[in-house]
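Report on one structure; see the data block that follows.
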Amino acid sequence: MDTSSKKNAHLFHKNPSRPVRRQSLKAGCPSPEEARPCCGKLKVFLGALSFVYFAKALTEGYLKSTITQIERRFDIPSSLVGVIDGSFEIGNLLVITFVSYFGSKLHRPKIIGAGCLVMGVGTLLTALPQFFMEKYSYEKYEKYSPSANLTPNISPCHLESSSLPPSLAMGKSPNKMNDGCVQTVAIIGPIFGFLLGSLCAKLYVDIGFVNLEHITITPKDPQWVGAWWLGYLIAGLLSLLAAVPFWCLPKTLPRSQSIDDSGSSSEKSKFIIDDSINYQMAPGEETKIMEMARNFLPSLKTLIRNPVYILYLCASTVQFNSLFGMVTYKPKYIEQQYGQSSSKTNFVIGLINIPAVALGIFSGGIVMKKFRLGVLEATKLYLGSSVFGYLLFLSLFALGCENPGVAGLTVTYQGTKPVSYHERALFSDCNSRCKCSESKWEPMCGDNGITYVSACLAGCQSSSQSGKNIMFSNCTCVGLAAPKSGNWSGMMGRCQKDNECPQMFLYFLVISVITSYTLSLGGIPGYILLLRCIQPHLKSFALGIYTLAVRVLAGIPAPVYFGVLIDTSCLKWGFKKCGSQGSCRLYDSHAFRHIYLGLTTLLGTVSIFLSMAVLFILKKKYVSKHSCSIATRGKAVASSSFRMEARAARDRGQQPKYWPGKETRL
């Protein structure tokens, strides 16, 4: 049995109970009769596995794109949305370690197929709440909708008395490759996930259940909720479809000598010396579950005692905390910071950011292959990409927009800054005679450029409607901030961000794309470092532990504590019908930016220091092994020279001039 059969680097290995056929001499390939069924099944497996990766990545990408939609639909805070996002990884906590350890010995195609079925059913269940809950109700003057028989001059302000001061009673109306193919597909999946999220965000959440002519908000409105559930149905059906081919594949496939030879050096350890134990089962020996279980703890102990593996695991876990938190709330950050719609945000992320990540990973692989970098050089590239990536990320602190002018929250009713935050800040002399609720969020944009929490709090006396646009007039608080204009009117909805915000958003996109590319450049070098720092027979198990740690220690908690900290920057909370706190209606842009970017940068900095420790240990290992190798070669050369000289001396019948240990011999 050849030496490459000792390794478990490939998914399918040679069946020991089946005799090995004679290989063709042409380029080490099998005969045509043997090659066709093997290659055909292998291509089917690769195609099916690529489709599984695509479906899984699409689902994960779509989940990130619906975060803000789910938050508004069910009126929940960001911290609870983080729990929902993190729960996507909870299933891995139960099965991933055992699957990675036992999966290499069992019927892997059927295990993958069963996993696809579970994933598909779970994705379909995610959309289920839409069909059991009542229709979406938004706080946007539904009493003024066409179905509410709007009277031409209904007053938002219910006065305590029938008269107003004469100075406030006037107003005007407004005017208005095989090894690379699976990973490549896994990268393409999130692109389609965000694009699907962009498409679904343009469709109203209750499409098919309500008359869309009665909907008074548009996709540009902050309270708009798209058909978030539709994408989960599509992704779930794709996952179920991906499971079908795996039930038709055999447990193992014979592989050709060329595959064995090519695989023997691709993942070979550069500084871990493989011992002489034969890890392949003997012919005819059956896999015993109990025997594998007995080897579980010793294998785990071996991994824990590997300092390079443990440090890299810690560095990756901290870095993925940074990346998972950043990616989860990136759509929310763009919407709140730059005033973009959910549909446009998802489209931009899917079409610009994720391709930059894919290009970075591809470039890292090209650099590794072209320059044939060793594990030490790969570690340096991995560390360098992290350092430069987070340095670029720091520049995003300067690319923020100012807080929108909201009366009583970010500016006073006179239009000055700042405002002192207190419970009665939403009330002023201009609306003191109106019976207004401070818990409602029905924003109105005044002609003075200031947003009011509601038309009632703006002191508006009358309203009119043109199509889906609702206008308010005789708004006393609008006139208070701009007494000389004489235009005391407004329109339903929030005012747009300041004029510099679109330009800031463009700069943000450019820096974000460059940062994404730079950080992902170290993806392949980091993966190579992971493979080369462990013994070949432990690679599958080590990858399972690595994936488990990243998902459980980063994928689950990161969205939660990011969401909790983001909630602290909320200025105006919504309230449900039962009176409990709902989702945040308005964030402090400055606080949101510093929390979101600061936490990401802090975690990234910690991961950089841990990566430096990995590089330091690797250098020590290489120096010691290099010196040991030189000493071993020196001894071998000296011994060989001695033997040659001894033979020559025997031929001449005399003692050699030098032999090892001559100087110390008594």
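For segment 404-427, the count of residues that are open to solvent by 70 Å² or more (accessible area, probe 1.4 Å), more than 21 Å from Leu529 (Cβ to Cβ) and in a helix (DSSP H, G or I) is zero. Between Phe194, Phe246, the distinction of being open to solvent by less than 40 Å² (accessible area, probe 1.4 Å), closer than 30 Å to Ser363 by Cα and modelled with pLDDT of 80 or more belongs to Phe194 only.
Scanning segment 200-215 for residues that are of a type in the set (A, V, I, L, M), surrounded by 19 or more Cβ atoms within 10 Å (Cβ to Cβ) and farther than 17 Å from Thr328 by Cβ gives Val205, Ile215. If you take the residues in segment 522-539 that are of a type outside the set (Val, Ile, Thr) and open to solvent by 40 Å² or more (accessible area, probe 1.4 Å), which one is modelled with the highest pLDDT? Restricting to residues being of a type outside the set (Val, Ile, Thr) and open to solvent by 40 Å² or more (accessible area, probe 1.4 Å), the top hit is Tyr527. Within segment 572-593, the only residue that satisfies the criterion of being open to solvent by less than 10 Å² (accessible area, probe 1.4 Å), part of a helix (DSSP H, G or I) and either over 22 Å from Cys401 (Cβ atoms) or in contact with an Asp or Glu (Cβ under 9 Å, 6 or more places away or on another chain) (or both) is Ser589. Applying the criterion of at least 2 residues that are under 30 Å from Val357 (Cβ atoms) and among the small types (Gly, Ala, Ser) to the helices (runs of 4 or more DSSP H) found wholly in segment 448-550 leaves 501-520, 523-532, 539-550. When segment 321-343 is filtered for residues that are aliphatic (A, V, I, L, M) and over 10 Å from the mean Cα position of the chain (by Cα), only Ile334 remains.
For segment 406-425, a residue qualifies if it is at pLDDT 85 or above and either of a type in the set (A, V, I, L, M) or touching a Leu at 6+ places or on another chain (Cβ under 6 Å) (or both), and the qualifying residues are Val406, Ala407, Gly408, Leu409, Val411, Tyr413. Among the residues making up segment 550-561, those that are surrounded by fewer than 21 Cβ atoms within 10 Å (Cβ to Cβ), at pLDDT 90 or above and under 15 Å from Ser316 (Cα atoms) are Val550, Leu553, Ile556, Pro557. In segment 314-328, the residues that are closer than 19 Å to Gly563 by Cβ form Cβ pairs under 7 Å with partners that are open to solvent by 30 Å² or more (accessible area, probe 1.4 Å) and charged (D, E, K, R), at six or more places apart or across chains, as follows: Val327/Lys64; Thr328/Lys64. Here Lys251 meets the list (1) open to solvent by 70 Å² or more (accessible area, probe 1.4 Å); (2) at pLDDT 85 or above almost entirely, failing just condition (2). The set of residues in segment 216-238 being open to solvent by less than 10 Å² (accessible area, probe 1.4 Å) and touching a Leu at 6+ places or on another chain (Cβ under 8 Å) consists of Gly226, Ala227, Gly231, Tyr232, Ala235, Gly236.
The values are calculated or read from the model by the stated rules, or taken from the named source; none is laboratory data. Just so it is clear, the model here is predicted, and its values are computed rather than measured. Heads up, the Cβs are rebuilt from the backbone with ideal geometry, glycines too, and the neighbour counts pull from every protein chain shown. In case anyone asks, the SASA skips ligands and DNA or RNA and just uses the protein heavy atoms, side chains included. Shrake-Rupley method; radii C 1.70, N 1.55, O 1.52, S 1.80 Å.
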